[in-house]
Structures are given as structure tokens and as C-alpha cells.
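The values are calculated or read from the model by the stated rules, or taken from the named source; none is laboratory data. The structure displayed is predicted, hence computed values, not measured ones. Glycine also receives a Cβ, built like all others from the backbone with ideal geometry; neighbour counts cover every protein chain displayed.
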Amino acid sequence: SQQGEEDPQALSIQEGENATMNCSYKTSINNLQWYRQNSGRGLVHLILIRSNEREKHSGRLRVTLDTSKKSSSLLITASRAADTASYFCATDARASGTYKYIFGTGTRLKVLA
Amino acid sequence: DGGITQSPKYLFRKEGQNVTLSCEQNLNHDAMYWYRQDPGQGLRLIYYSQIVNDFQKGDIAEGYSVSREKKESFPLTVTSAQKNPTAFYLCAMYRSGYGYTFGSGTRLTVV
């Protein structure tokens, strides 16, 4: 089944550095979304990028989408300790005829103060 | 959590017991979802509903049941048929163009 796979599985950086995480998927999509999850909490929606968009910004977040490579990246600039969390991409499975999203296994980001 | 409430936060289940997790939303969304998350893993879809009195199985529906009698409520029952129910359960609603809004989750443990 279609699935987003995040890479790397875990990432540890110093405060102030940039963090980049990637998501690959298998089939055509209509949009791709990124979410953040703090430990023991629900997921929070960060950004949605449509298949006809190549780049999107939201504050310190920058998301790119390359539909030819079936991949997306999330860049967090000037990271802070509060950015420590797991980050997930989600892709829609519209081709299956149902309206549901598939989540990847996530990238665990740790920002060291 | 932005209009969606899950309860309880922690739940303990004895062997052979059915338990029901509550999910309520007040944003008048049609689409609601239940996901299961195991430690260090992504989310797996259990059930979803896009309209009152209708719901669809997700990828891991066995051992679970749901109902959608009211638009604002989508409870999940973990039945005794679910042999490995210990997990973090997340309810969400979805709005096109805006993505999911998740509840804060229920952590279920078998004792």
C-alpha cells in the first residue's frame, strides 16, 4: 500500500542549526502534509503542499515537493529546543477510491540546547 | 486540542474486557478517523467515517468497532477480540485543504 517513509529515522542537532528531514512515497498524490508530535501528545498539522506546488513556507518551516521523484523535504531553520518532537509526513490515497491518508513512521528530532 | 476531545487520557483494560474510547468534536466536521500508534511507529488507520450513520474499515479494523450516531461523536470500542490492544489511540477530524486536527490521545494498557 502507499506509504510515506521519512528519512532519517532520528536526527540530533544543536540549537540554531537547520534540520532537514525527507519523505518518500510510492504513488501519485493530490497533496502531502507534514505533522509534528510532541511526546505523548496528538499530532499537530504543520503544512500542506499540493501536487502542483513545488515549495511552501510557514515561519521557520520550508517544505519542498518533487513529484517526479515522489519525495518531499521539511526544513526547519534556526532550530530551537522546543522543536524537539517527531515529524510525520502524510500522503493521500485517492487512487484507492477512498479518502484517507497514510502516515510514515516519522523522524525523531532532538534539538540540543 | 482545537475542538476535538478524547477521553479518558489513560485507560486500563483487563483481559477479555471491552472498553470504549470517546471522541467528541464541536467544529461540525463530517470526516472523523481513529488511528492506532505503537511505540516508535507511525499511525495506522482503524476506522473512519465521512458521514453520520456510515463508517469504513481502515487497515487494522479487526478487534475494533465504531459507531457514528451523531455528527459530533465517534466512539471506538476495543473488543476482547483485539489480542494486542496496548497502544496510543488518536482520534482526528479532517477538513479538506486544512488537514487533520487530532485529539490529545488515549493511552490504553492491558493489565
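Step by step: first the residues of region B:12-33, then only those that are of a type in the set (A, V, I, L, M) and in a strand (DSSP E or B), then the one that is farthest from the other protein chains (Cβ to nearest Cβ). Which residue is that? The qualifying residue farthest from the other protein chains (Cβ to nearest Cβ) is B:VAL19.
Among the listed residues A:LEU65, A:LEU32, identify the single one that is hydrophobic (A, V, I, L, M, F, W, C), crowded, with 17+ Cβ neighbours inside 10 Å and modelled with pLDDT of 95 or more. From the options A:LEU65, A:LEU32, the qualifying one is A:LEU65. Of the residues making up region A:1-57, just one is without any contact (Cβ under 8 Å) to a residue 12 or more places away in the chain and among the hydrophobic types (A, V, I, L, M, F, W, C), namely A:VAL44.
Every residue, every condition in (1) touching a strand residue (DSSP E or B) at 6+ places or on another chain (Cβ under 8 Å); (2) among the hydrophobic types (A, V, I, L, M, F, W, C), yes or no:
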position	(1), (2)
B:VAL66	yes, yes
B:LYS70	no, no
B:LEU76	yes, yes
B:THR79	yes, no
B:THR86	yes, no
B:TYR89	yes, no
B:SER104	yes, no
B:LEU108	yes, yes
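Residues that are touching a residue at least 24 places away in the same chain (Cβ under 8 Å), within 14 Å of chain B (Cβ to nearest Cβ), part of a loop (DSSP other than H, G, I, E, B) and of a type in the set (A, V, I, L, M, F, W, C): does region A:95-113 have at least one? Looking for residues that are touching a residue at least 24 places away in the same chain (Cβ under 8 Å), within 14 Å of chain B (Cβ to nearest Cβ), part of a loop (DSSP other than H, G, I, E, B) and of a type in the set (A, V, I, L, M, F, W, C), one finds none in region A:95-113, hence no.
Hey, among A:GLU17, A:GLU53, which residue is out of contact with any Lys or Arg (no Cβ under 9 Å at 6 or more places or on another chain), under 23 Å from B:SER96 (Cα atoms), modelled with pLDDT of 95 or more and in a loop (DSSP other than H, G, I, E, B)?
On the way: A:GLU17 fails: under 23 Å from B:SER96 (Cα atoms).
The unique qualifying residue is A:GLU53.
Residues that are touching a residue at least 60 places away in the same chain (Cβ under 8 Å) and farther than 22 Å from B:ASN18 by Cα number at least 1 in the following strands (runs of 3 or more DSSP E) confined to region B:34-111: B:87-95, B:99-102. Within region A:35-50, being of a type in the set (Ser, Thr, Tyr) and surrounded by 13 or more Cβ atoms within 10 Å (Cβ to Cβ) holds for one residue alone: A:TYR35. Just for region A:5-37: of the residues that are among the acidic types (Asp, Glu) and away from chain B (no Cβ under 14 Å), which one is farthest from A:ALA85 (Cα to Cα)? Among those that are among the acidic types (Asp, Glu) and away from chain B (no Cβ under 14 Å), it is A:GLU17. Within region A:38-71, the only residue that satisfies the criterion of being under 20 Å from A:TYR101 (Cα atoms), among the acidic types (Asp, Glu) and more than 14 Å from every other protein chain (Cβ to nearest Cβ) is A:ASP66.
Within region B:73-109, track down each residue that is over 10 Å from the mean Cα position of the chain (by Cα), buried (at least 18 other Cβ atoms within 10 Å of the Cβ) and either among the aliphatic types (A, V, I, L, M) or farther than 22 Å from B:GLN41 by Cα (or both). Result: B:ALA87, B:MET93, B:LEU108.
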